[in-house]
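Note sheet for the following structure.
The values are calculated or read from the model by the stated rules, or taken from the named source; none is laboratory data. Keep in mind it's a predicted model, so treat the numbers as computed, not measured. No Cβ is skipped: glycine too gets one built from the backbone with ideal geometry, and neighbour counts run over all protein chains shown. Protein only, heavy atoms only, side chains kept; ligands, DNA and RNA dropped before computing areas. Shrake-Rupley method; radii C 1.70, N 1.55, O 1.52, S 1.80 Å.
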Amino acid sequence: MAEIINMPRLSDTMEEGTVAAWLKKVGDKIEEGDILAEIETDKATMEFESFYEGTLLYIGVQEGETTKVDQLLAIIGEEGEDVSALLSGAEDKQAEAAVEEKEEETSNTDEATSGSETLPEGVVVVTMPRLSDTMEEGTVATWLKKVGDVVEEGDILAEIETDKATMEFESFQSGTLLYIGLGEGDSAKVDALLAIIGPAGTEVSGIAKSFKASGNDSAKTEEAPKTTAVKTETPKQETKTVSAPPVQNTNTATGRIFVSPLAKKMAEEKGIDLAQVKGSGENGRIVKRDIENFTPAAAVAQSSAPVAKFVASGQEDFDEKPNSQMRKAIAKNLAKSKFTAPHYYLNVEFDMDNAIAFRTQYNSIPDTKISFNDMIVKACALALRQHPQVNSQWFDDKMRLNNHVHVGVAVAVEDGLLVPVVKFANEQSLPQIGAAVRDFAGRARKKKLSLDEMEGSTFTISNLGMFGIESFTSIINQPNSAILSVGAIVAKPVVKNGQVVAGNTMKLTLACDHRTVDGATGSLFLQTLKGYIENPVTMLV
């Protein structure tokens, strides 16, 4: 089904945008996360990525042309799909919007005068940005500026926790932070009051009290006017990058990594871990010369054992911890999956003797180290290519049989669970899969994964074997059709050739969505998987 892509609102003050360049042309295949175009706003030129997959069927705004926010930009759908009805509908909507705009202009004329009195010159209201396509509310994880601080364009104001990740939110103005509307740990809907920036000494308490989020009748600011102060400079507005959330890090006492875009690119090319680089730029920012002069050093391992809180004998005690955005998203998605997808479970037990011997021999190669989990990812990827029904996804109006294999690997983090995705896992070698999974796991625990690295899975693996769990079931990561639960390898007596001998086995449970995967289909997949796991040398053929 075709999807209309409208001109996005890429900043709080953006009313129209100009297409600086199209990076795709009509007829091109579009993957979720592909950059469609570069959009010039009132503040900067930003990349605009697609949240849909399909074929680019229509471009409504040519390079150099300008259109209002929410006007038709492009249409994505199935190849050859007729979009004439959508185009005529879009034209009708634009005509209606033009009439409404004229009416609003008349009514807004009187408001402009009173508005200028309410909002002093140079003062800008910064609202909670929409940092992902599914974000409905955000939580302020950390403020990196305090009331009275001078803010320069590009400075990181705060770290905002969304339903997917914690992201840095930068200022697109210079000025003084006059007011903070949300304290650390507080949550608010998108477009609620976050902060006010303006000339030093400006009184803004009245603005904070009267502010209402656009499109919302409820003022979200009364909840948390934590600090009302008036000091320091004048920024202009904050961006809400719906499509391309800011991904800049910064090295400070909080453990964040500030880095210039050029230095970040150089570090990625050289495989340098930015956490090990000491920045010489302003406020510890990592710059080009730091990457050029970097000498790898042994990482200092830091471990801190949790200490239980002291509670007097016979005394009831508890601590309350607000649910994080990640925890809320996990609860919402898993509840939806559990109660909408008809789950059923297939349990198997594999002989792991050959797998243990294979891994030992493989790891004897210098500078090579693979885990049992890496072997399972590879085996699943190969088996999924032979059983596309298990590699499918369920949507309300269709079933998608994927010809590519993107395996999601569940990683436990403090706030819940992240699922980074090993793309095209069937095409990768065991060492490549191992390196990718280790990298993802490390960055997941530091909340350094990008949204692109956590999207697009066609199948998921959850492994609790390292915690000694022998068998368990998992909830399907929708819209996928299946998830594999992997238990521990257990040494036990087994029967081979009619004799009881010492052996090693592993239990696996495949949870399937009965709408897409029938019992026989899931069973055949597990038989293929068994062949790879019990005879791992076949994965190399």
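Looking at region 488-510, can you tell me whether even one residue there is among the charged types (D, E, K, R), open to solvent by less than 30 Å² (accessible area, probe 1.4 Å) and modelled with pLDDT of 95 or more? Looking through region 488-510, none of the residues is among the charged types (D, E, K, R), open to solvent by less than 30 Å² (accessible area, probe 1.4 Å) and modelled with pLDDT of 95 or more. All conditions but one from (1) surrounded by 15 or more Cβ atoms within 10 Å (Cβ to Cβ); (2) under 25 Å from Met466 (Cα atoms) apply to Ala341; the one that does not is (2).
Taking the numbered list (1) open to solvent by less than 70 Å² (accessible area, probe 1.4 Å); (2) out of contact with any Phe, Trp or Tyr (no Cβ under 9 Å at 6 or more places or on another chain) in turn, Gln361 passes all entries but (1). Here the condition is being more than 22 Å from Phe169 (Cα to Cα), at pLDDT 80 or above and β-branched (Val, Ile, Thr); of Val348, Val307, Val300, it holds for Val348 alone. For region 15-27, taking the residues that are open to solvent by 50 Å² or more (accessible area, probe 1.4 Å) and aliphatic (A, V, I, L, M), the one that is nearest to Val83 (Cα to Cα) is identified as Val26. Checked against the criterion of being free of Cβ contacts under 8 Å to residues at least 12 places away in the same chain and surrounded by 15 or more Cβ atoms within 10 Å (Cβ to Cβ), the candidates Ala435, Ala410 yield just one match: Ala435.
Taking the condition crowded, with 21+ Cβ neighbours inside 10 Å, more than 22 Å from Leu540 (Cα to Cα) and of a type in the set (Phe, Trp, Tyr), does Phe440 pass? Yes, satisfied. Scanning region 166-182 for residues that are open to solvent by 10 Å² or more (accessible area, probe 1.4 Å) and in a loop (DSSP other than H, G, I, E, B) yields Phe172, Ser174.
For region 28-71, the tally of residues that are open to solvent by 70 Å² or more (accessible area, probe 1.4 Å), closer than 25 Å to Glu453 by Cβ, part of a strand (DSSP E or B) and at pLDDT below 85 stands at 2.
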